[in-house]
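We did not get these values from a lab; they are worked out from the coordinates using the rules stated. Nothing here was measured: the structure is a model prediction, and the numbers come from that model. Note: ideal-geometry Cβ built from the backbone for every residue, glycine included; neighbour counts use all protein chains shown.
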Amino acid sequence: MKPDSSSPNAWNLIEQEKRRDRFVRRVAIAAWTVTLVLVLLFAVAIGAQVAQMLKVFGEGGAPLTVVFWSAMPLVVVLGILSLLIAVLSTVGIFLRLRTASLTEIQLRLAALEQVLASRPDPAQEPSR
């Protein structure tokens, strides 16, 4: 078998895939950071509303259920966000690990085949 340049190409493909993974990870971190900042701002706004309702409740102007219902938008948003994170993380982990693992295994086997093919055959070497 004649060695060719597919071994360096295989390693280049592995490196490109790793760079793509790092880029996707950075984008995901930025998106989640923005999401968490927005949720925190929303929580502060709802917290101010709940504090106002607690003040009204303390003065006897509203029942306790009004205070609880004023916090419901935050509870709903956090619940939906948690569900979204759980589903996307699970799907992303399964897809990414399976795809990356199979591709990397295939490329590593191709590189190993090239290394083995480039070595001289010990059965054909003259004995000393």
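Here are some notes:
- Degrees between helix 64-118 axis and first principal axis of the chain (Cα, 0 to 90, nearest 10): 0 degrees
- Using the rule -39500 (n - 2.57) for each DSSP H run of four or more residues, divided by the residues of the chain, the 222 nm mean residue ellipticity is -31500 deg cm²/dmol.
- Simple label model, 7 Å out from Cα along Cβ direction - Val44 to Arg98, nm: 4.2 nm
- Residue-span extension gain [Gln52 to Val87] - 0.36 nm each, minus C-alpha spacing: 9.1 nm
- Here, the stretch 6-116 is characterised by an Rg to Rh ratio of 1.35, where Rg is the alpha-carbon radius of gyration and Rh the Kirkwood radius.
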